[in-house]
Every structure is written in C-alpha cells, then in structure tokens.
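Here is the structure we will look at.
The values are calculated or read from the model by the stated rules, or taken from the named source; none is laboratory data. Worth saying up front: this structure is predicted, and the values here are computed from it rather than measured. As a convention, Cβ positions derive from the backbone with ideal geometry for all residues, glycine included, and neighbour counts pool all protein chains shown. With ligands, DNA and RNA removed, areas are computed over all heavy atoms of the protein, side chains included. Shrake-Rupley method; radii C 1.70, N 1.55, O 1.52, S 1.80 Å.
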Amino acid sequence: VSAETGEIIASENRVMFDDMVGRPEGMYYPMYGRDDLELDAFQNEWVGIEGVDTLITDDDGTFVIEVDPQNGPFTINNSLRGQWVETVRFPDEITTSFSFETEDIENVEITWDDNNSFSDEQNLYWHVNFIHDYWKTIENEFDDLDYPLTAGCNLGGEGWEDYEDNAFSTLGGIYFGR
C-alpha cells in the first residue's frame, strides 16, 4: 500500500486452502428384507459444512469442497435428504439428521447407522435413489421425478392405525407402515 496515496501496489493471498473429501454411507437391504445388509455410499445426499457451504454428493456418494484447514474443527450437518429423496419418519414427520465435528478433511466419514437413524430410513434413501437412476438410464429425458420425493416410514400409532401394515403413494410421496 502506498504511504502517499493509499493505493494498493501489490497483494498476495497467503491463505492456504485444501480439499475436504467425504462420503456418507449406510446400510440397506439390496433386494429383500431377508438379505444380508450391505454398506454403500449414499449418492445425491445434501451435506452441510457449517460456515462453508451445502453441497450434494456425486454419483459415487463423494463430496469435495475447498476449505481452509486453519478454520477447523468443521461442523458437518447431515440429513437423509438429497436431490431425489427426503426420508421422513412418522409419527413425528421428521427428516432424520445428525451433526458432528471433525478436524479431518482428507477422509470425512459420515456413517448412517442404528445410532442415528432407522434401517427403514436408510433403505428408503438408498432405494429411491436407485429407482431414480434406473429410470434415468431407460429414459434420460424423463424429468417428471427430478425432485426430492418424500419417502415416509414407520406409519402407525394413534391416528395412523389404518396404515400400520400398509403402504401407499400420493403425488408427493411414498409411505410405508411399521
């Protein structure tokens, strides 16, 4: 900075940035409820990094975002909601979410398990994405389902007794009993 005019003569950004890389994953039944559970990445899932950005995981379930490692620890906010599905747990009609802090930016592990979600929610998240991808491979131009479809589970209890052992769909979503 010029002492006479206050003009900036030269500048240099010395802030060091690095890529934060992560991947949400969870358990799901590949085809039937009697199958062994499998662990897989949750693609197209919204992941929030507090103070940085909210992004969507790619087709491999991975996210990459540039961060300043000096700003850690980072708070990761996650929910079973993504580009093509939002899982909802009844009777409270909530979208399951959890947050955690991490200093690690090279391999951020976001694990959906029985401590933070129901297996039905994980199953619905994985399978709705799977079906969306399936239809896109058959008819790529079809975009009538390119929005987060509500996928409700655990219907039942007071006021929902008729739905406990049932499943149904509406224009806005698919719903499954207990």
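Counting only protein heavy atoms, what percent of the accessible surface of region 40-178 is carbon or sulfur at a 1.4 Å probe?
Answer for region 40-178: carbon and sulfur cover 45 percent of the accessible area.
So for V21, V88, what's the accessible-area order with a 1.4 Å probe, most first?
Sorted by accessible area, descending: V21, V88.
Once both axes come from the Cα atoms, what is the angle between helix 119-138 and the longest principal axis of the chain, in degrees from 0 to 90, rounded to 10?
The angle comes out near 80 degrees.
Expressed in nm to one decimal, what extension gain is obtained for the pair R34 and R178 from 0.36 nm per residue of sequence separation less their Cα-Cα distance?
50.2 nm
Where both partners of a DSSP beta bridge lie in region 25-178, what percent of those bridges are antiparallel, to the nearest 5?
70
Solvent-accessible area per residue for the chain at a 1.4 Å probe radius, Å²?
I get 62 Å² per residue for this part.
Would you mind checking the radius of gyration and Dmax of region 54-103 based on alpha-carbon positions, in Å?
That works out to 13.5, 42 Å for Rg and Dmax.
Per residue of the chain, what 222 nm ellipticity follows from adding -39500 (n - 2.57) for every DSSP H run with n ≥ 4, rounded to the nearest 500?
Helix contribution divided over all residues of the chain: -4000 deg cm²/dmol.
State to the nearest 20 debye the size of the charge dipole of the chain about its Cα centre, where the only charges are +1 on K and R beta carbons and -1 on D and E beta carbons.
Roughly 280 debye for the chain.
On average over all directions, what projected area in square nanometres does region 21-101 have, based on the convex hull of its Cα atoms?
Result: 6.5 nm².
Taking the Cβ-Cβ separation of I56 and I138 as r and a Förster radius of 25 Å, what is the calculated FRET efficiency to the nearest 0.05?
With R0 = 25 Å, the Cβ-Cβ based efficiency is 0.65.
Hey, what's the Cα Rg ratio for region 21-65 versus the globular rule of thumb, 2.2 N^0.38 Å?
Normalised by 2.2 N^0.38 Å, the Cα Rg of region 21-65 equals 1.38.
Could you state the principal axis extents of the C-alpha atoms in region 61-149, from the largest down, to the nearest angstrom?
Extents along the principal axes, in whole Å: 45, 34, 16.
Taking a temperature of 4 °C and a viscosity of 1.567 mPa s, what whole-number D in µm²/s does Stokes-Einstein yield for the chain with Rh from Kirkwood over alpha carbon pairs?
Estimated diffusion coefficient is 71 µm²/s.
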